[in-house]
Amino acid sequence: MLYVGKTCYTTAYRWRQHKTEARIARNQWPLYVAMRTYGVVNFEVETVGVVRDKRQLANLERATLARFETHLLYNTAGAGAGGRKKYKSSQKGTTLTSSHKQKIGNSLKRWWAEKRGEVNDNYKSEF
């Protein structure tokens, strides 16, 4: 499963916000429920692009979301809609393959290494 989001801040800062929201359990949004269920170590965080203004940011988010089938996304509303739905009971219990868990773990290890300044920009996965 994937979540596509946009931010005017750094990816690390936005991910920290998501982890905080998941931890305090204020919302039952699909992404946060999954983070509490599977643990944040099982999520991969990537920067897909960097743009200069909010219009371009919204366009990039829409284009990225269009690349995936909606049943593969934690996103519950269209790009930039900001709408939220509660977690669907049919989505609970989705299991991750060992390969997926490994990729998520590796990505988060890389993220923490970047946060500590141990990884250079050439190591980032961006497109």
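Answer with yes or no whether V33 is surrounded by 14 or more Cβ atoms within 10 Å (Cβ to Cβ) and in contact with a helix residue (DSSP H, G or I) (Cβ under 7 Å, 6 or more places away or on another chain).
Values: surrounded by 14 or more Cβ atoms within 10 Å (Cβ to Cβ): yes; in contact with a helix residue (DSSP H, G or I) (Cβ under 7 Å, 6 or more places away or on another chain): no.
Taking the combined requirement at face value, the residue does not satisfy it.
Of the residues that sit in the range 86-110 and are modelled with pLDDT under 75 and in a helix (DSSP H, G or I), which one is nearest to T76 (Cα to Cα)? Show your work before the answer.
In the first step, residues of the range 86-110 are kept if they are modelled with pLDDT under 75; the result is 86-96.
Keeping just the survivors that are in a helix (DSSP H, G or I) gives 89-91.
Numbers: S89: 14, S90: 14, Q91: 12 Å.
By that ranking, first place goes to Q91.
Could you tell me which residue of the range 1-45 is farthest from L73 (Cα to Cα), considering only residues that are of a type in the set (V, I, T) and part of a helix (DSSP H, G or I)?
Kept after step one, since they are of a type in the set (V, I, T), are these residues of the range 1-45: 4, 7, 10-11, 20, 24, 33, 37, 40-41, 45.
Then keep just the ones that are part of a helix (DSSP H, G or I); that gives 11, 20, 24, 33, 37, 40-41.
Values: T11: 19, T20: 21, I24: 22, V33: 13, T37: 16, V40: 17, V41: 18 Å.
Residue satisfying both the conditions and the ranking: I24.
Of everything in the range 36-49, what is surrounded by fewer than 18 Cβ atoms within 10 Å (Cβ to Cβ), among the β-branched types (V, I, T) and under 17 Å from W111 (Cα atoms)? Give them in sequence order.
Hits for the range 36-49 are V40, V41, T47, V48.
Using the structure shown, decide if M1 is surrounded by 16 or more Cβ atoms within 10 Å (Cβ to Cβ), touching a helix residue (DSSP H, G or I) at 6+ places or on another chain (Cβ under 8 Å) and farther than 26 Å from R116 by Cβ.
Values: surrounded by 16 or more Cβ atoms within 10 Å (Cβ to Cβ): yes; touching a helix residue (DSSP H, G or I) at 6+ places or on another chain (Cβ under 8 Å): yes; farther than 26 Å from R116 by Cβ: yes.
Criteria met by M1.
Within the range 2-22, can you find the residues that are farther than 20 Å from R55 by Cα and either of a type in the set (S, T, N, Q) or free of Cβ contacts under 8 Å to residues at least 12 places away in the same chain (or both)?
Y13, R16, Q17, T20, E21
Any idea which of (1) at pLDDT below 80; (2) closer than 13 Å to L2 by Cα is the one A79 doesn't satisfy?
That leaves (2) as the condition not met.
Residue under question is Y74, and the condition is that it be modelled with pLDDT of 70 or more and touching a helix residue (DSSP H, G or I) at 6+ places or on another chain (Cβ under 7 Å); does it hold? It would help to see each step written out before you state the result.
Details: modelled with pLDDT of 70 or more: yes; touching a helix residue (DSSP H, G or I) at 6+ places or on another chain (Cβ under 7 Å): yes.
Answer is yes for this residue.
Filter the range 4-20 down to residues that are charged (D, E, K, R) and at pLDDT 90 or above and give me whichever is surrounded by the most Cβ atoms within 10 Å (Cβ to Cβ).
First, the residues of the range 4-20 that are charged (D, E, K, R): 6, 14, 16, 19.
Keeping just the survivors that are at pLDDT 90 or above gives 14, 16, 19.
Numbers: R14: 16, R16: 13, K19: 14.
This residue is R14.
The values are calculated or read from the model by the stated rules, or taken from the named source; none is laboratory data. All of these numbers come straight from a predicted model, not from anything done at the bench. In this analysis, Cβ positions are derived from the backbone assuming ideal geometry, glycine residues included, and neighbour counts consider all displayed protein chains.
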